[in-house]
1. Name, by its number, the condition in (1) aliphatic (A, V, I, L, M); (2) assigned to a strand (DSSP E or B); (3) open to solvent by less than 40 Å² (accessible area, probe 1.4 Å) that does not hold for residue 42.
2. Tell me, which residue of the stretch 1-39 that is assigned to a strand (DSSP E or B) and of a type outside the set (Lys, Arg) is most open to solvent (accessible area, probe 1.4 Å)?
3. Scan the stretch 89-103 for residues that are open to solvent by less than 10 Å² (accessible area, probe 1.4 Å) and over 23 Å from residue 37 (Cα atoms) and jot them down.
4. Among the residues of the stretch 57-79, is there at least one that is of a type in the set (A, V, I, L, M, F, W, C), open to solvent by less than 10 Å² (accessible area, probe 1.4 Å) and assigned to a strand (DSSP E or B)?
5. Could you check the stretch 1-50 and list, in sequence order, the residues that are over 21 Å from residue 118 (Cβ atoms) and either in contact (Cβ under 8 Å) with a residue 60 or more places away in the chain or of a type in the set (Lys, Arg) (or both)?
Amino acid sequence: MSTFDNAVSIHPYFKIREGQMAACKALLAQFNAKVAGEAKCLYYNFTLQGDVLCCREAYQDAEGVQAHLENCGAVLGELLKIADLTRIELHGPARELEKLKPVFAAMNPEYFTCECGIGR
């Protein structure tokens with residue numbers, strides 16, 4: 001079985017408020033330090049386009065996503081003081097996405113159901 005069989009990826013987009021880029025980048029280091037110890041994290045990185053920040057992240061399953069939210073909740077709270085969540089996508093198998101719907105309901109995510117693919 002591949003580690004991607006139940007994998008869920010999350011793609012949140014944030015608009016960084018004017019004058020807050022340096023503070024934002026400092027928080028990214030905090031996120032990375034916390035995530036480094038997460039056993040079910042498959043990958044985790046940030047991309048920037050101007051003042052838009054995207055976090056590209058994936059976990060072995062819904063439980064890995066929930067563990068990540070618990071681990072990084074405080075740092076996310078700090079990020080939301082200097083940036084606005086403008087969009088969030090969750091991608092994965094239907095059964096794993098269903099487990100996450102109650103957790104993400106307040107964020108109004110877009111859900112993308114995996115149809116087919118290859119994992120290693």
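1. (3)
2. Here the answer is 13.
3. Within the stretch 89-103, 97 is the sole residue that qualifies.
4. yes
5. Those that are over 21 Å from residue 118 (Cβ atoms) and either in contact (Cβ under 8 Å) with a residue 60 or more places away in the chain or of a type in the set (Lys, Arg) (or both): 12, 13, 14, 15, 16, 17, 20, 25, 34.
The values are calculated or read from the model by the stated rules, or taken from the named source; none is laboratory data. Keep in mind the model is a prediction, meaning the values are calculated, not measured. FYI the Cβ positions are ideal-geometry reconstructions off the backbone, even for glycines, and counts take in every protein chain you see. Surface accessibility is based on the protein's heavy atoms, side chains included, excluding ligands, DNA and RNA. Shrake-Rupley method; radii C 1.70, N 1.55, O 1.52, S 1.80 Å.
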